[in-house]
Every structure is written in C-alpha cells, then in structure tokens.
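The values are calculated or read from the model by the stated rules, or taken from the named source; none is laboratory data. On a predicted model such as this, the values are computed, not experimentally measured, just so you know. Positions of Cβ are generated from backbone atoms using ideal geometry, with glycine treated the same way; all protein chains shown enter the neighbour counts. Ligands, DNA and RNA are stripped out before the accessible areas are found, and what is left, the full protein with its side chains, is counted by its heavy atoms. Shrake-Rupley method; radii C 1.70, N 1.55, O 1.52, S 1.80 Å.
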Amino acid sequence: MKTGHQQLDGKGNLKHFLTIEGLSRGLLVEILDRAEGFLGVTQQAVKKVPLCRGKVIANLFFETSTRTRTTFELAAKRLSADVLNLNISTSATAKGETLLDTLRNLEAMQVDMFVVRHASSGAAHFIAAHAAPHVSVINAGDGRYSHPTQGMLDMFTIRRHKGGFADLRVAIVGDILHSRVARSQILALNTLGAAEVRVIGPRTLIPAFAEEALGVRVFHDLLEGIRDVDVVIMLRLQRERMTNALLPSEHEYFQLYGLTEERLGVAHPEAIVMHPGPINRGVEIESQVADGPRSVILEQVTNGIAIRMAVMSMCIGTQNIALQADGKTDGEANG
Amino acid sequence: MKTGHQQLDGKGNLKHFLTIEGLSRGLLVEILDRAEGFLGVTQQAVKKVPLCRGKVIANLFFETSTRTRTTFELAAKRLSADVLNLNISTSATAKGETLLDTLRNLEAMQVDMFVVRHASSGAAHFIAAHAAPHVSVINAGDGRYSHPTQGMLDMFTIRRHKGGFADLRVAIVGDILHSRVARSQILALNTLGAAEVRVIGPRTLIPAFAEEALGVRVFHDLLEGIRDVDVVIMLRLQRERMTNALLPSEHEYFQLYGLTEERLGVAHPEAIVMHPGPINRGVEIESQVADGPRSVILEQVTNGIAIRMAVMSMCIGTQNIALQADGKTDGEANG
Amino acid sequence: MKTGHQQLDGKGNLKHFLTIEGLSRGLLVEILDRAEGFLGVTQQAVKKVPLCRGKVIANLFFETSTRTRTTFELAAKRLSADVLNLNISTSATAKGETLLDTLRNLEAMQVDMFVVRHASSGAAHFIAAHAAPHVSVINAGDGRYSHPTQGMLDMFTIRRHKGGFADLRVAIVGDILHSRVARSQILALNTLGAAEVRVIGPRTLIPAFAEEALGVRVFHDLLEGIRDVDVVIMLRLQRERMTNALLPSEHEYFQLYGLTEERLGVAHPEAIVMHPGPINRGVEIESQVADGPRSVILEQVTNGIAIRMAVMSMCIGTQNIALQADGKTDGEANG
C-alpha cells in the first residue's frame, strides 16, 4: 500500500502524517493511546511537556484557517517546540520563487516539521515526497482529499464516549462528496473495525459507487439513516455549494437534513452528536442539539490538541531515533 | 455594586479586570504594590518570572492597536505565558460563526485568559459574563467605557512620583466626553482618595452633569484649570472629532488647550505631565513639554508592562487557587 | 573611521552591527569564529542556547522580507530570546506618530535590540544614532547601502570551503550598482584580505569609478571575469530594473550574464557558486548550476542563522558587560 508506506520509516514508525489510508489498526490505536496521555497535559495548570524542545515547526498555510492553525500552534507550544507561522502569499513565492525553492530554504534553516494546509488535493503528499530526509510533514487538510488529524480526533472522541469501535454504528450527514473530513473519518472507522458506517445526503453530494469504493451504506433520507446509530456526525455545509446549484436553499436543506432534537429521537438513546466546526446554526444543526447534552462538539476541539500533540511527537520521535543512530546527541550546547 | 462583584471570585480576589468601577481602594493598592515588585523584573537582564508558565493568553483585538497589544504580549511573555495573537476579522467569525461560538472554541482549547479590545462599550463585560468558569477576561479598552490597565498604570506613575494620593490635585485636559482613558483615571483617582480631580476642555467635549456624575470639577479655561495642580494629564486628540464638527481646527485647539512650557508655569512647580500616547506634537502638547523634564510619558509606557503583569498574575492566581481547591495539581506532566 | 566607531562601545566591542565599513579584520574574524561554534547548535536536536534568555528582540521591518525576517527570528529563538514582530505600516506610525516616538516607546518597553530593514539607505544608522544607550541595532538591509549579516554569512561560507581568504579570487556578477549585498561583500572581502575581487555586469549596472572607490577589478564580459576565480557570486536580478530601461529583456540578460554549466568551466576547477536568494531560475542562473555540485546556495541559508546568532549575541554581550559595570545583576527575579 503505497500511501501508507510513504508515511512510515524503515522500522514502521510514523514519519509523516498525510492520510489515514494504508495505516494499520495498530498504528491508529497507538495514536489514540498517546493522545490519551496528552489529554491530561492540556487540562493541568502548566500545560507543557518538553518532548519537542528546540524543534522548529513551520505552519505552511496556503489556505487560511485560524482555528486549525491555532490548534496546531497550541499543540506545538505544549510540546515546547518553537513555531513559525508563514503567510505563504506574502512570502518569497510572491517574488517568483518556486514552492520547492521555498521548501529547500526552510529545510536549510533546519525546520523540523511542516504543517501543510492547501486547497489542492495531494499537496501534502507532494511536499512529503520532496522534503529532505530530516523533515516530517503533517497534513492539515488538502483539497477534498484528506484531513487526517481531524479524522483521528473524531475517533478519539468516539472512543472516549463509547469505549471502542466494535458493534458501533456511525452516521455521517451532509456533503460527503466534497468533504476531506468525511473521507478521513470513513477510512479511520473502517480500519478501527466499526460495525457499520453510513453516509446520508442528497444524491448530488454523495460520491458515485460510494458503497463499493468507501465501504459505507448510503441513505438519502435522514430519519432512515440515523435510526439506531450510536454516533451522528454532522458536516459543515459549505455555502458556496448553493451558488454552484448543487443544492437548493439553506432553508430547504435544513428541512431535509438539518438535525433537530425531535429527529435525533430515532437514534440510539445514548447517541452522541459531533461536528468538525465551525457550525452553521439553523442550517445543518439546530442550536438545541448543538448546545444540548448529546453534543460533544466542544470536546472535539479539546481532543484535537491532544491528537495533534500525539502525531507531532511521534513523527519527531522518529527523527530523534534517526539522529541517535547517526551518533548525534540530543543534549544542549553551550555555544 | 454589581460591576465590582462580577470581577471578583467568592473570596474577593480578582478574577476579571474589566473596569475600575466598584473595586475597593484596598484592591487597587494591591495592584500597585504588586506592580512595584514587577518593575524590577522589567529592568533586569533576564526579564522573566515563571508565574504564568504553561498558561495560554489570547489577545482578542477586534480593534487594532499595536502599542497596547505589544505591551500585553510583553507582559505575558515576562510572566512566561504562551501568547496567541488572534486577528478576529480574518478568523472563523468571518465564516459566519458567532462571537460566542468563537469564545467556546477558544475555551475548549484551554485558553486561560482573554485580553479583549473592542470598539463597543460593554464588550469585555459581555465576554466575561459568558466565559467559562476557568477563564479570566482583561479589558484592554472598550468603546468609550473603560480602559482600566491604562488607568492603573497612570496611578502607578503618579504614586511613584508623588508618594500617594492624599492632598493631590490632578487635572485631565482634552476630550473627556469620548475618553475611556479619562473615565478610568477619574474612577481610580477618586477611589484612591485624591484631594481634587479637575477636567478641562471645550463644552462640546465635557459630559453633561460631569461634576455630579463623575465627582470632578469642570473648567473650560486651561490656565484656570491647571493652576497649582500636581499632575497634568493630557489626552490624545482624536482627529476624527474635527470632521464631526465637535471641534474647530487643530490649530485653534492648540491655541486654546495645547500645553506649552509657558502655560505649565501656572501649575505647581513640581507638577508632572502625563499622556497615554501616541502624542500629537503641536496639537495637544508642544514638543518642549513632551520631551522636557516634567514629562513622565515614557515612564508610563514602562510602568504599563508592570501593571499588566500585576493584573494578569493576580487573575491567574485566582484560577490556581480554584484548581487546587478542586484537588488538581500544579505540576508538570511527563506525557 | 566614523562609521566603524559608531558600532563599537568604549572598549572596542560590537554594540551595533550596521555596516562592514570601518570594522577591523580582527572583529570580522571574531564574528566568523563565533558563528562556527553556533553552527553545531543549529544542527543538533535541541537547537537552543540560553545566551539571550529574557532579552526582547524587535523586528522592525519597514520593507517586507519573509526570508530575512524568518532567519533573524530563528536565530533569536535559538538564543532563547523573545521576539516581537512589528508590522510598521499598521502600527502607531500610521496614527501620525513619528518614527522617533515609536522608537522611544519600544525602548520604554525595555526592548533590547532592534533588527531594522528599510528601503532608505542610512535608516539603520539613523536609528542607532538616536537609540537609547541600552539598545543595540542590527541592520537587516537598508536601501542600496548595506546588508552586513548577508555579507558575513557569505564570508563564513567561503571560509568553510576555502579555508581562508589569502590567494582567493572572487567574482560578483550582476547589478552591482543597486546591490547592498555586493557592497557588503566587497568591503568584507577586502578587509579579510582576499587576493582579488572582481565585479562583472553591464555598464549601466556598475558604479562609476568602481575600481578606485571599491577596490575591485571591473569586467563587462562574463567569461573574462570568471576565468580562474575560486568563488562566483551571482546577484539576484531585480526585475523592476527592466521597466526602468536599465536592462533589455530577461532573455537577453541570460544570454550575456546567465551562469551556465558550460561557462562555469572557465573558472577554477574547484570554484564554488553562491547566490543570496531567492534565485530567478533561467534569468541569472540556470537550474543545472543552482542545483549542481558546485552550488553552496542552501548552505548560505543555514550559515545565515549561525552568523545572525553570532552578531546578536556579541551585541547583547556588550550590554550585559555594561549592566554588570552598573552593579546590576543578571539573575532571575521571583516577582
């Protein structure tokens, strides 16, 4: 499995984190277990561990996202790393420098990790394929393809509430076709052995051959789809889909697919409700549900920092092992 | 006194710092005393204390102010905190997320303190009223209402030069009507027991019923107003007042209310001159005075960092006490 | 030599770093030697030394440059300093505050060092001349005049490859007239005793009287100029020169002055190729050379951080000596 192998070093440890595809159940569980340990760190008074002290992590955001950038920045700082926030549009690429020249320069500055967000699918893989051996790449969302830390923070949230994935029925509601979040969630749920993954949405927003290609059950009716499920994941409605005529009005969307307290009644009595945020109140979810007792939406945000700390420290750990194999030390110099 | 109580925890310790209104003289003196201790820190070679290590302080500036943001950022770093600078206009609120959803998300990221600057009066109170129990809010200026750290740094500067507030006559000159700085100064001076607070300005820029409502003496003539005072505080002239026809030209303003060396001669021989900055040279103050021996304008800047360290560490201290009462520890985890 | 003296304190130690002009060979060698020690720091796992802990370094970039700002920021963080990035155009100068008032305010905030980049020649000298005694100023490039850390990182790169400067022939190719980089390199090479410095370019882009004024040999033919040299330094072509009619097309420039593998054949067999970056591939240099075995362009980037650490720590060191002479201590307070 090529995509999986690109992410691992020779000993099978995580070097890049680009996609859930091709990663083993064991590795996903290792990420979840490590995040469990970090959850305590983010909740104590001194929210710091020294695992990445002296490391430099560069946020390369070609697509703006304050929320995601902030959680990666906080995760890096809790690991005691130094963070560079690079606004790519104003940087040297604007002077005609190619993307690869920009990467080569950052590598020459001894940056240890790139966190990449890009509007084009495959951008993070491209950067990982061309990065220097000492650099790790984390995908913070590329095009429609993948958003693996979001997928894993969702798995972490589910496991904390449901204990595990066997016997679990999960429904994902909304624009599956354009959603990198849904794609990462489906891959992770199937790898972790969820009993059943359902996707629910209008025909225009479900990929062709979804059942065969993704291993999910497809529903076009919300009530049918969420009946008896243990987890309901609502996706954010991208408003630009309306102008593309893929969807009628927001009002009509809410009539058909908006999650209300009443509709939630057909799910399992202990079902939880998730959303990657930011939520559109009254469009894909009503406030009573978003703010209600079944909602774990804000827990997802907290868990996102623990998951990002886990993935970052695992990738940096691979580098340290490689350095030690080279005979270099990990200590502090006196200049 | 409702506004005062909103700022204190159950034991009377400072939890938020939103306004001078309703705070006791004892508490204001405690802030000044604590700042005195920090002044040494900002002047030594290693300008660091570990009081807020591992804490995350988010600057929420809805209104741009490099100077104020920088002093809060420096104060936070000298307390060893991590600082997030959030440009609100480009963040998720631009994606249609409500302000409260943005706050909920930052709280879920375990941010410990919001430093808020906003063009609308009451914004900091609103945020404090809706913040999670573990979060403190510091008002860095809201509308015309309050700028309490500016008020306290001015008190600190006065106390360092004059020893105390009894027997002290203070004049504030300029646009009292629109000034959150003046409002905070007047409240602090009256709480700390200054003998006399005077406000000086054209009728259009002095609030109605100022004497009764604010406890000040009103003057419309500069020389009458500053006669024999110990402290002259000049306010910055907001140039947009001209276009609103509240004021004639800058030149005419300087003729009537500009502080010159000659006019300063009617004040007490040891009077000091203050200004919150940035100054408009030749508009509200001439350079000879701004740069002269009576001016303490740059000391105010230095003192501002000590005051902000004092307020931030007092609020964070309340959180630590609350955490310890919950049985949580303050130590560092090993992840 | 006035410019040299402005940069040194009473004991001849480096206080500001504004230009190579007037600095002794001994001082330049001290910078190179110190950078050699820091090169190890930038390559180990924990890239930190505590030499500037608690110091505040403000990047004052009046002219945007992500690359240069990033290397200064990384150098400061590796020295454990706190860094303020100030976007000058949006700061108080936009409110009508003068540059000197902005400086006075930053000094009052106990900033220890200004790193200045400005489009006008002499800006860094102006700021150093008006800075408070406790503040150091580093020139990160001003107008056409000087870019001394770039000049020194180039010297460092040459010394690491060639061992020293005696017997060395160096050619600088391109727009010498407008280049602060070339000016700094020429001054450094002559001070360090290079056998021969050549400049190569069209007549419109070579300063009048260059031979006498700069101590270089002038060539207008590329092959003549780089014959037998040990080092070829290519300058970046500023595309705006075309519109000013100082140059014909990019294509014609490459025909005359573009460095190709074939042309490089006339240089010494062990000649190295340098470029300050970012490179214009196919304009001043072809990719085969830029990415080839003679190119040390990315090493220059790595070396730039070590040189900046060296210069910053030397200037801060002068401050510490001055503080100790004042009887102040270097320790950490407990607030």
Check whether at least one residue in the range C:32-46 is within 14 Å of chain B (Cβ to nearest Cβ) and open to solvent by 40 Å² or more (accessible area, probe 1.4 Å), and report yes or no. no
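Within the range A:135-156, can you find the residues that are at positive phi and outside any loop (DSSP other than H, G, I, E, B)?
Kept after step one, since they are at positive phi, are these residues of the range A:135-156: A:141, A:143.
Once the filter is applied, which keeps residues that are at positive phi and outside any loop (DSSP other than H, G, I, E, B), the range A:135-156 yields only A:Gly141.
Does B:Glu240 satisfy being open to solvent by 60 Å² or more (accessible area, probe 1.4 Å), within 24 Å of the chain's Cα centre (by Cα), farther than 20 Å from B:Gly143 by Cα and at pLDDT below 95? First the steps, then the outcome.
Values: open to solvent by 60 Å² or more (accessible area, probe 1.4 Å): yes; within 24 Å of the chain's Cα centre (by Cα): yes; farther than 20 Å from B:Gly143 by Cα: no; at pLDDT below 95: yes.
The answer is no for B:Glu240.
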Residue tally, condition surrounded by fewer than 21 Cβ atoms within 10 Å (Cβ to Cβ), under 17 Å from the mean Cα position of the chain (by Cα) and on the phi < 0 side of the Ramachandran plot, over the range C:107-131: 3
Output the residues belonging to the range A:52-73 that are open to solvent by less than 10 Å² (accessible area, probe 1.4 Å) and out of contact with any strand residue (DSSP E or B) (no Cβ under 8 Å at 6 or more places or on another chain). A:Cys52, A:Thr71
Starting from residues that are β-branched (Val, Ile, Thr) and crowded, with 24+ Cβ neighbours inside 10 Å, keep the ones in the range B:298-310 and report whichever is nearest to the other protein chains (Cβ to nearest Cβ). B:Ile305
Would you mind stating whether B:Phe254 is modelled with pLDDT under 95 and open to solvent by less than 60 Å² (accessible area, probe 1.4 Å)? yes
When every residue in the range B:90-101 that is within 16 Å of B:Phe62 (Cβ to Cβ), facing another protein chain (nearest Cβ under 7 Å) and not in a helix (DSSP H, G or I) is compared, the one modelled with the highest pLDDT is B:Glu97
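May I ask you to say which residue of A:Arg159, A:Arg198, A:Arg104 is surrounded by fewer than 24 Cβ atoms within 10 Å (Cβ to Cβ), part of a helix (DSSP H, G or I), at pLDDT 95 or above and not hydroxyl-bearing (Ser, Thr, Tyr)?
On the way: A:Arg198 fails: part of a helix (DSSP H, G or I); A:Arg104 fails: at pLDDT 95 or above.
Sole residue among the options that is surrounded by fewer than 24 Cβ atoms within 10 Å (Cβ to Cβ), part of a helix (DSSP H, G or I), at pLDDT 95 or above and not hydroxyl-bearing (Ser, Thr, Tyr): A:Arg159.
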Can C:Glu286 be described as within 20 Å of A:Thr102 (Cβ to Cβ), modelled with pLDDT of 95 or more and open to solvent by 20 Å² or more (accessible area, probe 1.4 Å)? yes
Can you pull out every residue in the range C:208-235 that is surrounded by fewer than 18 Cβ atoms within 10 Å (Cβ to Cβ) and assigned to a loop (DSSP other than H, G, I, E, B)? C:Ala208, C:Phe209, C:Gly215, C:His220, C:Asp221, C:Arg227, C:Asp228
A:Leu86 meets each of (1) outside any loop (DSSP other than H, G, I, E, B); (2) more than 11 Å from chain B (Cβ to nearest Cβ); (3) within 19 Å of the chain's Cα centre (by Cα) with one exception, condition (3)
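Does B:Val49 satisfy the condition of being under 18 Å from A:Ala45 (Cα atoms), crowded, with 18+ Cβ neighbours inside 10 Å, within 14 Å of chain C (Cβ to nearest Cβ) and touching a Gly at 6+ places or on another chain (Cβ under 6 Å)? Working first, answer last.
On the way: under 18 Å from A:Ala45 (Cα atoms): yes; crowded, with 18+ Cβ neighbours inside 10 Å: yes; within 14 Å of chain C (Cβ to nearest Cβ): yes; touching a Gly at 6+ places or on another chain (Cβ under 6 Å): yes.
Taking the combined requirement at face value, the residue satisfies it.
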Selection within the range B:19-36 - in contact with a helix residue (DSSP H, G or I) (Cβ under 8 Å, 6 or more places away or on another chain) and not polar (S, T, N, Q): B:Ile20, B:Glu21, B:Gly22, B:Leu23, B:Arg25, B:Leu28, B:Glu30, B:Ile31, B:Leu32, B:Arg34, B:Ala35, B:Glu36
Taking A:Leu27, is it within 21 Å of A:Gln185 (Cβ to Cβ), part of a helix (DSSP H, G or I) and within 12 Å of chain B (Cβ to nearest Cβ)? no
If you check every pair at least six apart or on different chains, which have Cβ atoms under 6 Å apart with a residue in the range B:6-29 that is on the phi > 0 side of the Ramachandran plot first and a residue that is β-branched (Val, Ile, Thr) second? B:Gly22/B:Thr3
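Yes or no: A:His268 more than 17 Å from B:Asp101 (Cα to Cα), away from chain B (no Cβ under 11 Å), assigned to a loop (DSSP other than H, G, I, E, B) and open to solvent by 60 Å² or more (accessible area, probe 1.4 Å)?
yes
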What number of residues in the range A:162-188 are open to solvent by 10 Å² or more (accessible area, probe 1.4 Å), within 18 Å of A:Arg25 (Cβ to Cβ), among the hydrophobic types (A, V, I, L, M, F, W, C) and assigned to a helix (DSSP H, G or I)? 1
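Answer yes if at least one residue in the range A:46-69 is outside any strand (DSSP E or B), closer than 15 Å to A:Thr149 by Cα and of a type in the set (Gly, Ala, Ser), and no otherwise. Quick ask: steps written out before the conclusion?
Initial filter on the range A:46-69 (outside any strand (DSSP E or B)): A:46-55, A:62-69.
Narrowing the set further to residues that are closer than 15 Å to A:Thr149 by Cα leaves A:65, A:67-69.
Cutting the leftovers down to of a type in the set (Gly, Ala, Ser) gives us A:65.
Within the range A:46-69, one or more residues are outside any strand (DSSP E or B), closer than 15 Å to A:Thr149 by Cα and of a type in the set (Gly, Ala, Ser).
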